[in-house]
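Remarks on the structure that follows.
The values are calculated or read from the model by the stated rules, or taken from the named source; none is laboratory data. Worth saying up front: this structure is predicted, and the values here are computed from it rather than measured. Here Cβ is always computed from backbone atoms with ideal geometry, including for glycine, and neighbour counts include all displayed protein chains. Accessible surface areas use protein heavy atoms only, side chains included; no ligands, DNA or RNA. Shrake-Rupley method; radii C 1.70, N 1.55, O 1.52, S 1.80 Å.
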Amino acid sequence: MRSGVSRRRLSCCAAIVLLAVAWSGCSSKSGAPIVEEGPPEKLSAYGLFVGNGATQEPAAGVIPYALNTPLFSDYTSKYRFVKLPAGTSATYHAEKPFDFPVGTVIAKTFAYPHDMRDPSQGERLLETRILVHEESGWVGLPYLWNEEQTEATLQLGGRIMPVSWTHTDGAERKIDYLVPNANQCKGCHKVEDNIMRPIGPKGSQLNGDFVYAGGSENQLTHWTKAGALSGAPAPADAPRMAVWDDPHSGTLDERARAWLDVNCAHCHNGRGPARNSGLDLSVAQAEPFKFGIFKPPVAAGRGSGGLKYDIVPGEPDQSILAFRIASSEADVMMPELGKRLVHEEGVELIREWIAAMPAETSAKSPQAGQ
């Protein structure tokens, strides 16, 4: 069981009345979001949170949610919320993001705990990224929290923010945290066919428990009961993405593929921005060559590290994939966006996965050995 919003946050949260209120405070008379009329200058205009939002307690009609395996974002804590227009619902898909109605607002807040070993010391909210589903498509908008933690303001140009925290090992960490500008949102969210969409909220990612104000419940069940989701099967009959760092949630292969899916497959899929690489790291890709085994890179250079194949079973040190995710150099590292630090635990998982691959079970492609 896990929670994207801590029990502390929810302990004083009023019961969530899902979809009980109409889209308000941020809608035009036609019911369309006012972003097309000009995005709100202040985050509070969206009516997403109780009070000034400093505690990230969702307002009535706002659903908090969490992903089984989230994207790594430089060790930040992240809190996710969705608000749909009253009387509407999203359409379920197992392995791709739900279809959300026009007027939907999706929010994700990034924060650094002051001390990752002691949550009672609080945290610093950095930014809240908003995705708004307009008639013309999805729009991404970054809002930066002020020092007083009382409001976040629209910052279309992005920003670099020096931050520091005490890491899980007790060491002080510092980073120039990068808030993307509005155009950079498209770098990750143009998932397929160059169309901007949400990435995370899909069936397999939400098929897990969440601690709501009223208690723990499967998210697919909760959304369906609230009228926010249509077409979802019973959780036991639906696919469930493994939790990357929970061995009880899946095999080593399932957890490694989940990590690659969420961190890499928004570009590396059959129709994504990196499709020319021929590498498909989506969890649904079943052909070993297509997800990297004995697959040569399409171009040499520093990015390949002088290695021949994306994955060499049993040999993480000979695998380009392991080499690139372990790098923080601009022209080598993967993923290219949203990363300034190496996800050390993620790298360890992928290396363990590659090391455990028996070479004889992975048929080489015709290109292997050339």
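For (1) at pLDDT below 95; (2) among the aromatic types (F, W, Y), each residue gets a yes or a no:
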site	(1), (2)
M1	yes, no
V5	yes, no
C13	yes, no
C26	yes, no
I34	yes, no
P39	yes, no
Y46	no, yes
G53	yes, no
A66	no, no
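Would you check which residues across segment 293-305 are open to solvent by less than 70 Å² (accessible area, probe 1.4 Å) and part of a loop (DSSP other than H, G, I, E, B) and list them?
Selection gives F294, K295, P296, P297, A299, G301, G305.
Under the condition of being more than 16 Å from R351 (Cα to Cα) and of a type in the set (D, E), which residue from segment 243-289 is most open to solvent (accessible area, probe 1.4 Å)?
The extreme case among them is E287.
Considering S230, S277, S216, S304, which residue is among the small types (G, A, S) and over 24 Å from the mean Cα position of the chain (by Cα)?
Every option except S304 fails the conditions.
What are the pairs with Cβ atoms under 8 angstrom where one residue, in segment 332-354, is surrounded by 17 or more Cβ atoms within 10 Å (Cβ to Cβ) and outside any loop (DSSP other than H, G, I, E, B) and the other, located anywhere, is modelled with pLDDT of 95 or more and hydroxyl-bearing (S, T, Y)? Sequence gap at least six, or different chains.
I354/S319
Restricting to segment 85-98, name every residue that is more than 15 Å from G61 (Cα to Cα) and either buried (at least 16 other Cβ atoms within 10 Å of the Cβ) or within 15 Å of the chain's Cα centre (by Cα) (or both).
Within segment 85-98, Y92, A94, E95, K96, P97, F98 meet the criteria.
Which residues, counting only those in segment 35-84, are open to solvent by less than 20 Å² (accessible area, probe 1.4 Å), among the hydrophobic types (A, V, I, L, M, F, W, C) and in a strand (DSSP E or B)?
Of everything in segment 35-84, those that are open to solvent by less than 20 Å² (accessible area, probe 1.4 Å), among the hydrophobic types (A, V, I, L, M, F, W, C) and in a strand (DSSP E or B) turn out to be I63, F81, V82.
Of the residues R117, R124, only one is modelled with pLDDT of 95 or more, open to solvent by 20 Å² or more (accessible area, probe 1.4 Å), out of contact with any Lys or Arg (no Cβ under 9 Å at 6 or more places or on another chain) and part of a strand (DSSP E or B); which?
R124
Going by the conditions given, is R240 open to solvent by 20 Å² or more (accessible area, probe 1.4 Å), farther than 21 Å from N207 by Cα and outside any helix (DSSP H, G or I)?
It is false that R240 is open to solvent by 20 Å² or more (accessible area, probe 1.4 Å), farther than 21 Å from N207 by Cα and outside any helix (DSSP H, G or I).
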